[in-house]
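Here's the structure, in structure tokens; my notes come after.
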Amino acid sequence: MPLRGKNMYYIREVKALYPKIDQPYRFDSQAGERGKSVPCSANDDGACYELSFVADEVTAKALHKGMKTAYDEKKQKGWNNSVARPKKNDDGDFVFKTTIKAAYSGREVPRPKQFDSRNNELPNTFKLTSGSIVNIAIEFIPHAMEGGVSLRLKQVQVLKYVPIEARSVFESLDGGFVFEEETQGSLFEAVEEPPEEPKKIVRTKATGTKGADKDLSSIVDDWDD
């Protein structure tokens, strides 16, 4: 269950989705067919850190209740009457998005801190993956625009990490080579042949310069070939 603290709202055990918190990102409409988020500098227009997450109905209802409370406390004249309800995706789950700008008025904002399950701070190079199970600390930011409340990302605790898998760009084919774990050793064992013993060269004494000249001319002939 989500727990609300002073200036913080805690969301427990949700599935991370499209995390982009290892560095600032911005949406580039020219990237790809439909545009996509790309790495950028903190002061670039639209630069932010963001993390979406998948929540079940119980978590979604509790979060929406907290958003309504924060909205009602800050609501001003001309604002919408209430906070929009979250919508289910095709799998019947609720998807929320948290974000924080990478800079305000030219001043860079520290990236959201990430911790493991024992609260050891993770390095800046750590990249969270979709499917990982996390706890999230956010701050509610009520506003007059559509939706009513933004979820400002503060910290992330990684409870279960899903490693990044390499994806092949090729089609799967039948009847070809298939790598088997049990054959791994035999595939990579190097067979070394024993070195050949050097041949002994028996030198004979020259009987005269004539024989020596003949041997030398033979060597020269071989070079020319």
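For the pair E121 and F27, a Förster radius of 30 Å applied to the C-beta separation gives a FRET efficiency near 0.55, rounded to the nearest 0.05.
The modelled label-to-label distance between S82 and K97, using points 7 Å beyond Cα along the C-beta direction, is 2.4 nm.
Per residue, what volume in Å³ does the Cα convex hull of segment 1-83 take up?
Numbers: hull volume 14.3 nm³, N = 83.
Convex hull of Cα atoms, per residue: 173 Å³.
Over 32 Å between C-alpha atoms is what I'm after, so list which of K20/K65; K36/K77; K74/K160; K75/K97 land there.
Checking Cα-Cα distances, K36/K77; K74/K160 exceed 32 Å.
Only the coordinates and a few stated rules stand behind these numbers; no lab work does. This is a predicted model, so every value here is computed, not measured. Reconstructed Cβ throughout: ideal geometry from the backbone, glycine too, with neighbour counts over all protein chains shown.
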